[in-house]
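The values are calculated or read from the model by the stated rules, or taken from the named source; none is laboratory data. Everything numeric here is computed off the predicted structure, so don't read it as measured data. Here Cβ is always computed from backbone atoms with ideal geometry, including for glycine, and neighbour counts include all displayed protein chains. Ligands, DNA and RNA are stripped out before the accessible areas are found, and what is left, the full protein with its side chains, is counted by its heavy atoms. Shrake-Rupley method; radii C 1.70, N 1.55, O 1.52, S 1.80 Å.
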Amino acid sequence: MSEAGTVNAVSSRAWSELLHAEVGARLGAAGIPCLHIKGPTVATWLYEPGERSWGDVDILVPPSRMNAAIEILLAAEFSYRDPGMRWWTSEDHALTLKFDPHGDAARKVAAEVDIHHRFLGIEGDPERVFAELWRRREPYRLAELEVWFPDLATRRLIAVLNAARDPQGDKAPRDLRRLLAGATDADWARTIALAGRVEALEAMRAGLELEEIGREVVARTSLSDVRVSSAVRLRAEGSSRTAVRIQELRTFGTWKKVKMLAGWVVPSPAVIRMREPSAAGSPWRMARAYLHRYRQGARELLAMRHGRPTATSTPMPTDPRPAPHEPPPPLPSSLPAQEMGQPTGTSNLVLSLASLARPDGSVALVSGELDAALVQRGWAPVTDVATEIDPENLEVLADRPGQAPREVRLLVVAEYDEQRAGPDVSLDATRLSAAEVADFVTVHSTDLGDVEGGPEAVLARLVRRVPAYRLAYSDDGRAADEVTRLWRVAMDDATATVPAATSPPVTTGYRRADHVAACHDRDQVVLLDLHNGIRQVLSPTAAAIWDALLATGSLPAAIAELEEEFPDAPGLAEDTVRFVAELEEQGFVERART
């Protein structure tokens, strides 16, 4: 491919996008649910293109899949950044791998992947929390591969918690200010509801109160009633890890306190090397690192005993009254309106269906006349004839005073069929396709075109999050039993991996191979073959051929387009034919399947 021109240095941004796409694609192909967090999920949402950098990869996986996720990446030339560290023995919320296949990059120079099994500030059970966040995921394309981002409510929550975790950092406080400048009260209501579900209200309040606008949000919402513990407050004030740990110990029971103290007082050498990389390579340096840790702990204990502040930054204001602050940065001008919480429509989704809830708050939308039979089986009516749904989080906005919103988890299109009569006749419940769900919702909705965020977004969200069935029945009781069974299946399937979408096959021509990631970097294209890990940089000339080939799907059409764009290029047709053959031979493109 070198004949196609000279390549220039690839930007760190392009390498980072390829790395993010590779991690998401490899784990997705292995059936491991993986949410990208921080980095591109913020940069592509709150900022103009190129305005905010993103480098290392941060992903969230369920604790039960941590070992499998690590094994998949270790098999793909990733390695432990801190030899000897294991996620179940570390006090950290993440384990770091590095991508350094040649083993010659210095620490913090090699690209890193932080695999989170929990996120600091979220106190709920990590498995349950992940299931909640995974269900709310949204698709995004990085380097032409589909990965999963959190929904906007989750992104808002993580941005606030990240600021509370790293108040003195560079990006986290800036992200918080940008978020506060654009979020609406409706956005905060959705985020607070999510924070309550995952037990993150304390850290959310502490993070918001880092900024004046955030303190105003706290003052006018239910967060004003949330009590923030001393440990959470210390962390948000920028206190040392030791000071926070000491404060946390005071709240633990005896057994947990002994266990935590043992790990804190006598950590493994791997933990010491992670905290102080200079301790590696010598027993003497390791001993000094242990001594430094004990001295730091002693100083923190003395400071707390004498009431001296342990924070390394200005203490957080505790009242919501305005204080001097820098003005928020201007909002990007090119972002879609709904991305900043400014809806393209103004309405909620209204469906002419009844909704019923289980004791855990999950809701089923059920057509037909099964309400009475479902109530007899423990379901509670939420709405009678029409159901109003928040299009972002799919929560039913109840029409009964004092009833809290509840999330839609199941859709059942129940159709009476007298041929199903008799105890020996089986019920017929079939899963609806995406097109069938979209058609049904379109027919049974009111003013779908005015829904906030647009009809396409809410329909895609319903298809992705809510399993839908058509149920043919003749007996109400048996049908209600089947609805309850389908609800159990839906709840048990909350963390199932949805296969990433691939490029749709066409009848003729060329297409990018599904196992190839492609990232544009200025006038070049950077390719990654996931089968063999080969990375290839296409020069501007080669990139022009690549773009024309994929845009037209046809070699003759690509040549015609290139000859029109570069009329004076000698031998262009021959070079293009030869280059495309090379791309096909190396597996970067393929002839489309019929």
Share of accessible surface on carbon and sulfur in the range 110-228, whole %, 1.4 Å probe and ligands ignored, is 46
Per the Cα gyration tensor, the range 149-209 corresponds to an equivalent ellipsoid with semi-axes, largest first in Å, of 17, 13, 10
With DSSP loop assignment and no more than 16 other C-beta atoms within 10 Å, the chymotrypsin sites (Phe, Trp or Tyr not before Pro) in the range 61-102 are W88
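Would you work out the Kirkwood radius for the range 58-188? I mean one over the mean of 1/r across all pairs of different Cα atoms, in Å.
Result for the range 58-188, one decimal place: 16.5 Å.
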Between the modelled labels at E574 and E418 (7 Å from Cα along Cα→Cβ) the distance in nm is 7.9
Here the Cα Rg-to-2.2 N^0.38 Å ratio for the range 13-126 is 1.05
Once all protein chains are kept in place, R464 shows an accessible area at probe 1.4 Å, nearest 10 Å², of 50
Mean shadow area (nm²) of the C-alpha convex hull around the range 1-71 is 6.7
Descending packing, highest mean Cβ count within 10 Å first, for 155-163, 549-557, 194-202 is 155-163, 194-202, 549-557
If R0 = 35 Å, then S352 and D125, at their Cβ-Cβ distance, give a FRET efficiency to the nearest 0.05 of 0.40
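Can you give the percent of C-alpha pairs in the range 505-565 whose distance is more than 15 Å?
Distances greater than 15 Å cover 53 percent of the Cα pairs.
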Largest first and rounded to whole Å, the semi-axes √(5λ) derived from the alpha carbon gyration tensor of the range 187-246 read 21, 13, 9
Residue span A68 to V443: 0.36 nm per residue of separation minus Cα-Cα distance leaves a gain in nm of 130.7 nm
So the FRET efficiency between D450 and E216, C-beta based with R0 = 35 Å and rounded to 0.05, is 0.70
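Percent relative contact order of the range 82-182, based on C-alpha pairs within less than 8 angstrom and at least six residues apart?
Reported as a whole number, the value is 16 percent.
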The simple spin-label model distance between L397 and A551, using points 7 Å out along Cα→Cβ, in nm, is 4.3
Taking a probe of 1.4 Å and leaving out DNA, RNA and ligands, the range 152-248 shows per residue an accessible area in Å² of 31
Here the gain from full extension of D384 to W284, 0.36 nm per residue of separation minus their alpha-carbon distance, amounts to 28.7 nm
Here the gain from full extension of A9 to E51, 0.36 nm per residue of separation minus their alpha-carbon distance, amounts to 13.1 nm
Heavy-atom accessible area of D568, protein chains in place, probe 1.4 angstrom, given in Å² to nearest 10, is 140
Quick calc, H531 & A581: beta-carbon distance into FRET formula, R0 22 Å, rounding 0.05, result 0.70
